[in-house]
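Read-outs: derived from the displayed coordinates by stated rules, not from any lab. A quick note: this is a predicted structure, and the numbers were derived from the prediction, not measured. We place every Cβ from the backbone using ideal geometry, glycine too, and count neighbours over all the protein chains shown.
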Amino acid sequence: MSFMEDQRYIKIGKSKNFQERFRHICGCVPYDLKIELLIDVNEGTRVDQVAERERLEKEYQARFIKYQASGEWFATSNEMFKELSRLQKVLDFTPFIFTRKNSHQINKLLLEAEGEPDLNPE
């Protein structure tokens, strides 16, 4: 599950292969993208993983439906940035700007991801 920002919009979506999907998106936009958050879902069976990715995507897209611009793209809002900030702290995720010069960071980030995160710690 990923949240990508292009300055005015944030993409909320899921992917079986983030690297492949991200490279496709980068090829469609003429500017750098900021990775606001990645949520790795790799626990349980393959069916469980697909279901969890779909659940998270639907949950966050429904939560921010009033900002939907087109498909998985949502206009940025203070409400959305507050939630992203909360999740970044919970998941210890540092957002970064993706450019073709630092594409190796995606591979490193995905290799470091561990387990299913608890999005609502006590």
Exercise. Could you pull out every residue, at least 5 positions away or on a different chain, whose amide H is within less than 5 Å of the one on Phe96? Hs are placed 1.01 Å off N in the peptide plane, and Pro or chain starts have none.
Key: Ile35
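Starting from the range 1-91, pick out the GluC sites (Glu not before Pro) whose DSSP state is loop and whose Cβ has at most 13 other Cβ atoms within 10 Å. Write down the numbers at each step before the final one.
Numbers: sites: Glu5, Glu20, Glu36, Glu43, Glu52, Glu54, Glu57, Glu59, Glu72, Glu79, Glu83; in loops: Glu43, Glu72.
Qualifying residues, ordered by number: Glu43.
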Quiz item: If r is the Cβ-Cβ distance from Arg21 to Glu59 and R0 is 22 Å, what FRET efficiency results, to the nearest 0.05?
Solution: 0.70
Quiz item: Over 21 Å between Cα atoms, which of Lys16/Lys89; Lys58/Lys82; Lys66/Lys89; Lys34/Lys89 qualify?
Solution: Lys16/Lys89; Lys66/Lys89
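For the range 5-54, run through the chymotrypsin sites (Phe, Trp or Tyr not before Pro) and keep only the ones in DSSP coil with at most 12 other Cβ atoms within 10 Å of their Cβ. Walk me through the intermediate numbers first.
On the way: sites: Tyr9, Phe18, Phe22, Tyr31; in loops: Tyr31.
The qualifying sites are Tyr31.
Less than 13 Å Cβ to Cβ from Glu57, Lys/Arg counted +1 and Asp/Glu -1: what total charge do the surrounding residues give?
So the environment of Glu57 carries a net charge of +4.
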